[in-house]
1. Determine whether residue 83 is at pLDDT below 65, under 15 Å from the mean Cα position of the chain (by Cα) and polar (S, T, N, Q).
2. What is the one condition in (1) over 17 Å from the mean Cα position of the chain (by Cα); (2) modelled with pLDDT of 70 or more that residue 100 does not satisfy?
3. Here are some residues: 19, 37. Which one is at pLDDT 80 or above and of a type outside the set (Val, Ile, Thr)?
4. Could you go through segment 58-75 and let me know if any residue there is exposed (fewer than 11 other Cβ atoms within 10 Å of the Cβ), at pLDDT 80 or above and assigned by TED's automatic domain parsing to the domain that holds residue 130.
Amino acid sequence: MNVKLRQRHRYIWMVMGIALPLLCLEAIEGIPQNVIADIPRHSCTLDIGICGINYEGDSQAIQIEQVKSKNSFGVVVNAPLKSAFTLLYLSNKQEYDESAVLLGAINSMGEYNFDLPENAENYKYLLLADKLNDKTLYHEEFKNQ
């Protein structure tokens with residue numbers, strides 16, 4: 001290797017030593033925060049009033065029964081949930097938003113009783129939302145009896 005090739009070699013390695021870390025940082029900044037956010041969690045359209053989610057390998061969807069009395073509201077969860085942190089909301093939309101009213105947490109299968117807010121008749125949908133993944137797992141029309 002002659003002098004000219006050594007100088008060129010040194011110059012190329014200095015440029016690569018500066019450029020490669022900068023390109024790596026640029027690539028890291030381009031990674032989205034929640035990579036799987038755009039993958040649909042369920043296949044039903046939001047125009048349908050009642051919508052369950054079939055998990056692969058499961059023979060039944062999420063099923064709930066509404067039991068309403070004067071100031072309380074009961075929910076019976078008939079199938080296991082695949083979410084670690086599920087909350088029950090009343091909402092005017094079929095997806096969770098900031099206007100939804102929290103009723104309480106759903107931990108597993110079974111019966112749950114919640115106190116109804118005073119303006120419960122103004123809400124149209126009952127939602128089960130997975131707060132860890134920020135997804136609506138289930139929505140059903142809220143029955144006002």
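The values are calculated or read from the model by the stated rules, or taken from the named source; none is laboratory data. Note that the coordinates shown come from a computational prediction; the quantities given were computed from them, not determined experimentally. Neighbour counts are summed over all protein chains in view; Cβ atoms, including those assigned to glycine, are modelled from backbone coordinates with ideal geometry.
1. Details: at pLDDT below 65: no; under 15 Å from the mean Cα position of the chain (by Cα): yes; polar (S, T, N, Q): yes.
No, not satisfied.
2. It is condition (1) that residue 100 fails.
3. Values: 37 fails: at pLDDT 80 or above.
Only one candidate qualifies: 19.
4. no
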